[in-house]
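Beneath this line is the structure, given in structure tokens, with notes to follow.
We did not get these values from a lab; they are worked out from the coordinates using the rules stated. This is a predicted model, so every value here is computed, not measured. A quick note on method: Cβ atoms are made from the backbone with ideal geometry, for glycine too, and the neighbour counts reach across all protein chains shown.
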Number of protein chains: 2
Amino acid sequence: MSLMLQEIFEQPHALERTLSSERRHAERLSRRMHERRASLIVLVARGTSDNAAQFGRYLLEISTGIPVSLAAPSVHTLYRARLRLSSAIVIGISQSGESTDINITLENAKRSGAMTIGITNDSSSPLAKIVDEVFVTRAGRERSVAATKTYTTQLMVLYLLASALRNSSGEGFKALARIPEWTARALKLQPTLLEMVERYRFMRQCAVVGRGLNYANALELGIKLMETCYVGAERFSSADFLHGPIAMVEGGFPVFVFAPPGQVFPDIRNLIYKLGRLKAETVVISSETSILEKATRALRIPDRIPDLYSPIPYIVPGQMFSALLAEAKGLSPDRPRSLSKITRTV
Amino acid sequence: MSLMLQEIFEQPHALERTLSSERRHAERLSRRMHERRASLIVLVARGTSDNAAQFGRYLLEISTGIPVSLAAPSVHTLYRARLRLSSAIVIGISQSGESTDINITLENAKRSGAMTIGITNDSSSPLAKIVDEVFVTRAGRERSVAATKTYTTQLMVLYLLASALRNSSGEGFKALARIPEWTARALKLQPTLLEMVERYRFMRQCAVVGRGLNYANALELGIKLMETCYVGAERFSSADFLHGPIAMVEGGFPVFVFAPPGQVFPDIRNLIYKLGRLKAETVVISSETSILEKATRALRIPDRIPDLYSPIPYIVPGQMFSALLAEAKGLSPDRPRSLSKITRTV
């Protein structure tokens, strides 16, 4: 069994640990964050952590009403701009805490008066030393190059921050404690996936589509397919897909779709109908029979998880698909070519 | 000759018209925009216009110091969040001005007290009626489904807004008037490209890389290749490419790279060296001999255009490549399958 698959299976416990150890920290910080009356939240990250940041951007805007920006690190590191961030909360996300560009951006933000928060899996990393407040993902050491348990625990910390910062009309995130259990149940798709990946052994390219809170999962499944299986994976929101790239889709073109019940469901359903008319090959991740019936291959999430809580359990079949397809292709998902665990970019 | 190619050739004039007709409007608005003391600029767009927005995000942050966010329309249209935007300037960009999600987002922003600005090619469109101030791209009617002259004229309006909003240490954009001439000279690459596309007749997938101000061009060339040539095109900043997706690159894998001289050049050069070691096929767009010599195929921009002014002339060979490759494949770049000129999404 690959390290990647082992680490995928560690997620229910890692999520529980992160929830129980970081929840109080977020609650303690709540008042201080509200007192800042932040006009902006900025998220800074790269790679898989940047996909977590994409989730954070939707979650934080929806639950706090504060606009969110995803930082472009080169503005700081290469163009050396000085942004006005004194009324911002700036959140850096990095598994290793060692990415140069993330850390420079956080230092700049701090210097300009922003409140800075870090989310990292290494409490003694450079990132942890820069920020005002550190949240530690309790994933344990991640040995596979392809990140899985650090991604989902980063999402968990973002829920805690959104909960601490939410406005009066915002959700209370009451069902947060159920996520580890939902995640454990999604892991039961493993035997289905082990058979299913055979069909995709010679897939060279595909598209991955999600929307809203699950757009991050489309980006994340796309990166996993690229780095572990060397499959070209175009990643889109369902709306952006319709503004051009859908022209690529011919009969048999594979499209992976995240389709949780809730706010984005009607939009995603329309896309799946359209893909059906184009005779695309659809792989649909959903709890909803009405849409799974339309799919070429269905990945049924056992629980009817509301959209708000769906991203963590919904990425699980995508992670397993990538790890198992890599093995079916004779590749090691733990050691993709050209990559190492820590990527230092400026 | 395809409409797309005709419209590519109309760009020098369209850019001149846009510059001369909208410059004064931007200057008049300058004081009002400064008086808002905006803590945030939000850009709202889809498809090719969203790629223009990506350019705007870098340009505006670098020249004004005001943080920029690219809006996620579903936060407004599907999740119905109410964002605090009273201290923001919100800029909607749409060729047709008819995209439902863009217009709903602008209406929400206006209601919450934001100053709203529109950039559209149709002065009588719904978008034009919603916003406080309209800037009209003087591209003339765009008949090809694949947008070209509206993209570059949108970039031109964003230069004018950045110039009007720039801070005291910001650039004066003195060379803006030279862009039409640089664009005209880049068009002279047509015969080179006509020969060159033969080599790519059977290319199924590729990656497109840019960074900073030219990251938008990587996204835009990627969309053009997908919608007109049905080529899967992964789009990355050079930094994000190194955080995972570079694992896809094997010998012969085609990578298109934007490499203007300036702030991002050393970073891009390192990537090109790395791609050389991986024996990738590189198509490099640059004025710099040092890097063109390393490319499998070189697209030499005739003028040494500084990074700040490079995005408009640099996209031109990419546009022509897409239009000519589509024709070499027997496709019509003007009528991609599954698309129409106006895409209405929510």
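Please express the shape of region A:3-168 as an equivalent ellipsoid: the semi-axes are the square roots of 5 times the eigenvalues of the C-alpha gyration tensor, given largest first in whole angstrom.
On the way: eigenvalues 115, 72, 34 Å².
After scaling each eigenvalue by five and taking roots: 24, 19, 13 Å.
Taking N as the number of residues in the protein assembly as shown, what is its alpha-carbon radius of gyration divided by 2.2 N^0.38 Å? Mind dumping the intermediate values first?
On the way: Rg = 23.4 Å, N = 692, 2.2 N^0.38 = 26.4 Å.
After normalising by residue count via 2.2 N^0.38 Å, the value is 0.89.
For chain B, what does the helix formula give at 222 nm: sum of -39500 (n - 2.57) over DSSP H segments with n ≥ 4, over the residue count, nearest 500 deg cm²/dmol? Mind dumping the intermediate values first?
On the way: 14 runs with 159 residues, N = 346.
Estimated from H runs of four or more residues: -14000 deg cm²/dmol.
With the convex hull built on the Cα atoms of region B:188-328, state its orientation-averaged projected area in nm². Present the calculation step by step, with values, prior to reporting the outcome.
Numbers: hull surface 28.8 nm².
Taking a quarter of the hull surface, the average projection is 7.2 nm².
Could you state the number of Å between the C-alpha centres of region A:197-218 and region B:314-336?
27
Hey, what's the Cα Rg ratio for region A:143-241 versus the globular rule of thumb, 2.2 N^0.38 Å? Each step should come with its number before you reach the end.
On the way: Rg = 16.2 Å, N = 99, 2.2 N^0.38 = 12.6 Å.
Its radius of gyration relative to the 2.2 N^0.38 Å reference: 1.29.
Run through the other copies and list how far each one's label point is from that of B:S86, in nm with one decimal, shortest first; the point sits 7 Å from Cα along Cα-Cβ.
1.9
Would you mind pulling out the separation of the Cα centroids of region A:28-101 and region A:148-162, in Å?
14
Relative to the longest principal axis of the C-alpha atoms of chain B, give the angle of the C-alpha long axis of helix B:215-229, reported between 0 and 90° and rounded to the nearest 10°.
The angle comes out near 70 degrees.
If each label sits 7 angstrom from Cα along the C-beta direction, how far apart, in nm, is A:T100 from its counterparts in the other copies?
When each copy's label point is compared with this one, the spacings are 4.8 nm.
Given chain A, report the % of alpha carbon pairs whose separation exceeds 38 Å. Display every interim value, and only then the final one.
Working: 7540 of 59685 pairs.
Percentage above 38 Å: 13.
Here is the link list: A:K224/B:K294; B:K149/B:K188; B:K149/B:K224; B:K149/B:K341; B:K274/B:K294; A:K149/A:K188. Which ones come out longer than 22 Å on Cα distance?
Over 22 Å apart, Cα to Cα: A:K224/B:K294.
Which lysines, if any, have their Cα less than 22 Å from the Cα of A:K174, not counting same-chain residues under 8 positions apart?
A:K174 reaches no qualifying lysines.
To check my understanding: the extent here is largest minus smallest coordinate of the Cα atoms along each principal axis. What are those three numbers for region B:1-98, in Å, largest first?
Reported extents, whole Å, longest axis first: 48, 35, 23.
In degrees between 0 and 90, to the nearest 10, how far off the longest principal axis of chain A does helix A:149-165 point, with axes built from Cα atoms?
50
Label-to-label distances across copies for A:G251, with labels 7 Å out along Cα→Cβ, in nm, shortest first?
3.6
Quote the relative contact order of region B:188-328 in percent (integer), defining contacts as alpha-carbon pairs under 8 Å separated by 6+ residues.
Details: 246 pairs, mean separation 39.6, N = 141.
Relative CO of region B:188-328 lands at 28 percent.
Tell me which of B:S49, B:A71, B:L83 sits at the most positive position along the dipole axis of region B:1-85, charges placed on C-beta atoms (Lys, Arg +1; Asp, Glu -1).
Highest projection toward the positive end goes to B:L83.
What percentages, rounded to whole numbers, describe P(r) for region A:275-346 computed over all alpha carbon pairs with 5 Å bin width beginning at zero?
Going out from 0 Å in 5 Å bins, region A:275-346 shows 3, 13, 16, 17, 16, 14, 11, 7, 3, 0 percent.
Can you list the lysines whose alpha carbon sits under 26 Å from that of A:K110, skipping same-chain ones fewer than 8 residues off?
A:K129
For the protein assembly as shown, what is the charge dipole size about the Cα centre, in debye to the nearest 20, if Lys and Arg each add +1 at the Cβ and Asp and Glu each add -1 at the Cβ? Numbers along the way, then the final one.
Working: 88 positive and 64 negative charges, 144 e Å.
In total the dipole reaches around 700 debye.
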